[in-house]
Structure formats: C-alpha cells, structure tokens
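Beneath this line is the structure, given in structure tokens, with notes to follow.
Quick note: the coordinates plus some simple rules give every number you see, no bench work behind them. Just so we're clear, the structure is a prediction, and the values are computed from it rather than from any experiment. In this analysis, Cβ positions are derived from the backbone assuming ideal geometry, glycine residues included, and neighbour counts consider all displayed protein chains.
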Ligand code: ADP
C-alpha cells in the first residue's frame, strides 16, 4: 500500500482505538508489547521460585538505575541534551540476571522517574514499555553467550548494550518520524549519529559493571560514589559552559543592537550639522535642523545612559540613595516634562491623588523608571489615545501605574519583556527602535528599592505597567 492509501486506513484505526490525533500510532504497539513483556517477566520469575540473590541484586541495580535516570548527565557535543546513564544498570541486570529481571528493572525505573516528573499517563506507559522492550532484548541477547571468563562477560555486555540501544533508538525514531512526518530512515540516521558517542560510553561502562559484579557485587557498589561525583562534576562544568555561551550570545547581541541603535542618530546629527555648516538657511529650516540635532543627541545620551546602567547592574555596582520622598510631586514633574514633547494625538492624565504615604526610594531613580514607562507608552501608542498615570497607597506600599491604549503585549510575552534585550518587534516592522534594555533597567532599579514591577493588559486595550515601592513609614503617617 502506498502512503496515500495507508492514511485513511490508519485514521480509521485511530478512531476505533480512540487515539487523539496528536499521539503517534507507533506508540501503541510499543506500549502494549512493553507492558505484555513485563507481565510475562513477572510470571516467569514468580513460577521459577524465589532466588534471594537475584532479588537483592536486582533491587540494588534498580536503585542505581533510578538515581541515574533521575539525574541525567550532560555530555558535551551531544545535541540530544542530558544523557541518562540508567541503561548501564538495566543492561547489567540483563547480563547478570536475565531478561525477566531486566524488563522489570527497566520498566520500574522509567515508571517511577516519569511519574515523579508528573508526565501524562500516556507518556509514562509508552516510556515504560520502551524501556521494558529494550531491557528484555538486552537480557535475551546476553543469555546464549556462555562462560564466566572475562572475554565472555565483555562480549555479553557489549551484545546486550547494542541490543538495548538498537531497540530503543529504532522504536523512538519510528515514533519521532510519524510525529514529525519525516522519513523513518532520515530520523533514524540522525538519531544514531547524535547518540553514537553516549552509546559507546554506556557500553563500556556496562562492561565494567558486569565484570566487577562478577568479581564481587560490593566492589560495584563502591564504584557508585566516584561515579556520582563525576556525574555531579560534569553537570556543574556543563552548566558553567552554558552560562558562558549565554554570556557570549548576550555580548554579540549587545554589540549588534547598540551599534544599530547608534547608527541612526549619529547619521541624523551628522547630516543636520553638515547642512547647517554648508548652507545659508531660512530660520524655519535652520530651527528644524537644530531640533533634529537636539532630539537625536538626546536619544544618543539615553542610549549611553542605558548601557551604563545595564553594565552597573551586571557588575553589581549600582548604588542607590534611599530617602523618604513624596511620590505625587515626582509623578507630576515627570508628566509635565513628558507633555512638552508629546505627539498631538496623545494626552497624559494624572488620576486624582488621595492620601499617599511617602516612599523610601531614590527619587532620581523613581523618576528614571517613570520616564521610561511614559516613553514606552508614547512609543507604543502609534494611533494616539490617552495615557493615564495613577499613584495610590497599597498595603504598606505605594503603587504607581502607567496605562496606555497602545498596541498591547501578548500574555505570553508579559514576563519576558523585562529580560535584557527582549523586544517584541526586533525587526522594527513598526519602525520603533530601542535596545530592549529599558524595562530590564526599570526592573533592576525597582528591585534595588525593594519593590516589584509587572505589566497587565489595559482595561480595554493597550497595557498597564505597575510598580510598587515600600512606604517610608507605617500607613498611619499619611500626607
Ligand atoms: P526599549 O528600551 O527598546 O524601549 P524596553 O525594555 O523598554 O525596550 O521594552 C521592551 C519591549 O517591550 C519593547 O521593545 C516593546 O516590544 C515592549 N513594550 C514595552 N512597553 C510597551 C508598551 N507600553 N506597549 C507595548 N509594548 C511595550
């Protein structure tokens, strides 16, 4: 049957089994076969009499597998993320105690860790089934390799690791290929390529475990401490590396954004200054050019100021002078200054202020935050409208709010806009520039003053930025 003909048949099957459309059909046989294998394993073990050493050994290996699955180790260069070393112990169980013990240890490891991670039951069942099948294959492949010599043990461990890996990667690739509608072979080749290194590491560690276990299970247990230490060390090194990469990315982004933001005002100032110098101009034209020089230099100064503040926070050198100050006059001054260069279609209103206590804050920095929020409200209200500013007492704090009727911020972006360099429109399709540093600096300043800042959707449209600062004294002392 070709692909097109297969589709209606598959979707009929999906309907009959009540499988949601986002769940790959390939997960069904894996889940069913895996659970069936576990039942068969329980049956085989329960009918063959209790072997204490098998039970104790399997429980010890299950414990190690659980630890390894719960704390996966990042291996540098492996794109798949962190690698679980649990397969070493599951494969070990297969070689030492056979396929029934291995399937049970494999499925229990996955079931306990996935349930603890609160994965949906469907995923828990699939992953449990997958591990049970891979573990069963490992045990079954190792069984016919006879002998207690070093060579036989290493061979059995290598064969078992390979079987575990092949079953795991093949079934996972089948599910992934279906979920992403890609050819199976392409997904299979990519998965094999990206997991070959961890597989080799795991296969050698499984061989070491089996050989040591054969000498004495206690020696294997003694190996746990250094293994855990190496795993923890590896995790720390990897997260330090991630931080360095993130810093490097931020540095590149910083250079790109700042140089882009510098270019436009410098070009405007340069052009205006050249024209002023070279030509006799009408007073009107001259004043227009002078105002370009003025506003673009102000933009440059703002940019440099943002960079300076961002680097102060980075270096932990931001020093604020906290004092008791009246919030209402601060807000009024900022609004007055903003009204001087307000586009005609916009207005700024201050809501009536009643009984607001003094705040314990650095007045210059409160002004800086308000200026930034008002600047944004103006910048992101391209169709004009009203900007409402409010200041009020709120549970031992003073709450400042700047509400606009502009373009608004989607709910899933409301936390991210306070991140460094985060802009909703980095490609400037709306023609509004900016470094994405403004709100980051506002947030840091407010935090330095022991306050908090957030954004919420506007009453009808637009957005409302709110920040709270601690009142200077208990709320009995009100003005
Ligand atoms: P910038 O300093 O470049 O203005 P900010 O850190 O102040 O950057 O803001 C980050 C992003 O948050 C802006 O690029 C914009 O996408 C969004 N934003 C900020 N304020 C508003 C607002 N009042 N309305 C809509 N979007 C806003």
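Legend: ranking of residues 165, 193 from fewest to most surrounding C-beta atoms inside 10 Å; resulting order 193, 165. With both labels modelled 7 Å from their Cα along Cα-to-Cβ, the residue 460 to residue 392 distance reads 1.9 nm.
Rounding to the nearest 10 and keeping the result within 0 to 90°, find how far the Cα-based axis of helix 52-70 lies from the longest principal axis of the chain. That helix lies at roughly 20 degrees to the long axis. Computed from Cα atoms, the angle from the helix 121-142 axis to the main principal axis of the chain rounds to 40 degrees. In the chain, the DSSP beta bridges split such that about 85 percent are antiparallel, to the nearest 5. Here's the picture: a label point sits 7 Å out from the Cα of residue 222 along the beta-carbon direction, and within segment 41-56 nothing has its amide nitrogen under 12 Å of it. How would you classify segment 104-167 from its alpha-carbon gyration tensor, with a ≥ b ≥ c the square roots of the eigenvalues: rounded for a/c under 1.5, else prolate if a/b is greater than b/c, otherwise oblate? Taking the square roots of the gyration eigenvalues as a ≥ b ≥ c, segment 104-167 is prolate.
Fewest-first ordering of 259, 107, 161 by other beta carbons within 10 Å of each residue's beta carbon gives 259, 107, 161. Put in order of Cβ neighbour count within 10 Å, fewest first, the listed residues 124, 55 become 55, 124. From the square roots a ≥ b ≥ c of the eigenvalues of the alpha-carbon gyration tensor of segment 344-461, which class results: rounded (a/c under 1.5), prolate (a/b over b/c), or oblate? Because a/c hits 1.5 or more and a/b fails to exceed b/c, segment 344-461 counts as oblate. The calculated FRET efficiency for the pair residue 247 and residue 416, based on their C-beta separation and a Förster distance of 25 Å, comes to about 0.85. Once the Cα-Cα distance is subtracted from the 0.36 nm per residue extended length, the residue 70 to residue 18 segment shows a gain of 15.5 nm.
Computed over the chain, the per-residue total of -39500 (n - 2.57) for DSSP H runs of n ≥ 4 gives a 222 nm mean residue ellipticity of -22000 deg cm²/dmol, rounded to 500. The distance between label points at residue 118 and residue 326 comes to 5.0 nm (points 7 Å beyond Cα on the Cα→Cβ vector). A full extension of the chain between residue 305 and residue 148 corresponds to an added length of 49.2 nm, given 0.36 nm per residue minus the alpha carbon distance. Sorting 362-370, 404-412 by average packing, meaning the other beta carbons within 10 Å per residue, from highest down gives 362-370, 404-412.
The distance between label points at residue 317 and residue 355 comes to 4.6 nm (points 7 Å beyond Cα on the Cα→Cβ vector).
Hey, what angle do you get for helix 224-278 against the long axis of the chain, alpha-carbon based, 0 to 90 degrees rounded to 10? It is inclined by approximately 30 degrees. Taking a ≥ b ≥ c as the square roots of the Cα gyration tensor eigenvalues, segment 342-392 comes out oblate, since a/c reaches at least 1.5 and a/b does not exceed b/c.
The simple Förster model, with R0 at 60 Å and r as the Cβ-Cβ distance, assigns residue 364 and residue 230 a FRET efficiency of 0.70.
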